[in-house]
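The values are calculated or read from the model by the stated rules, or taken from the named source; none is laboratory data. None of these values were measured; they are calculated from a predicted model. FYI the Cβ positions are ideal-geometry reconstructions off the backbone, even for glycines, and counts take in every protein chain you see. With ligands, DNA and RNA removed, areas are computed over all heavy atoms of the protein, side chains included. Shrake-Rupley method; radii C 1.70, N 1.55, O 1.52, S 1.80 Å.
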Amino acid sequence: LGYYKLPSPDDVAHNKYGMPSYSQTNLDVNYVFGEKWKGFDLHFLYAYKFNQAKQLLSQNQIFNKVDMGNLNLIANFHF
């Protein structure tokens with residue numbers, strides 16, 4: 001979990017990328033296979049960013065910045 005309080009997205013001098021304040025939650029689940037598949041494991045990672053800005057934001061200030069999720073399925077083989 002994380003909370004990121006940033007300057008206003010309109011304040012270019014202090015907020016170069018125009019990111020609104022947000023909180024983020026990550027969920028990471030790992031599974032390690034047994035003897036038959038020794039060295040193989042899977043990771044499931046889900047991250048979500050919640051908008052925490054107090055002001056009304058335009059679609060350009062929201063799109064791919066907040067109110068979005070990211071899902072990853074990662075397969076590793078260690079040899």
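Quick look at the values:
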{"read-out": "Sole exception among (1) β-branched (Val, Ile, Thr); (2) without any contact (Cβ under 8 Å) to a residue 24 or more places away in the chain; (3) touching a strand residue (DSSP E or B) at 6+ places or on another chain (Cβ under 9 Å) for Val66, by number", "value": "(2)"}
{"read-out": "Among (1) modelled with pLDDT of 95 or more; (2) surrounded by fewer than 12 Cβ atoms within 10 Å (Cβ to Cβ); (3) aromatic (Phe, Trp, Tyr), the one test that Phe77 misses", "value": "(1)"}
{"read-out": "Among (1) open to solvent by 70 Å² or more (accessible area, probe 1.4 Å); (2) under 25 Å from Gly18 (Cβ atoms), the one test that Leu57 misses", "value": "(1)"}
{"read-out": "Among (1) modelled with pLDDT of 95 or more; (2) open to solvent by 50 Å² or more (accessible area, probe 1.4 Å) - the single one His43 does not satisfy", "value": "(2)"}
{"read-out": "Subset tally (residues that are of a type in the set (Phe, Trp, Tyr) and farther than 10 Å from Asn72 by Cα) for segment 27-47", "value": "4"}
{"read-out": "Test: residue in segment 24-38 that is under 17 Å from Asn64 (Cα atoms) and small (Gly, Ala, Ser)", "value": "no"}
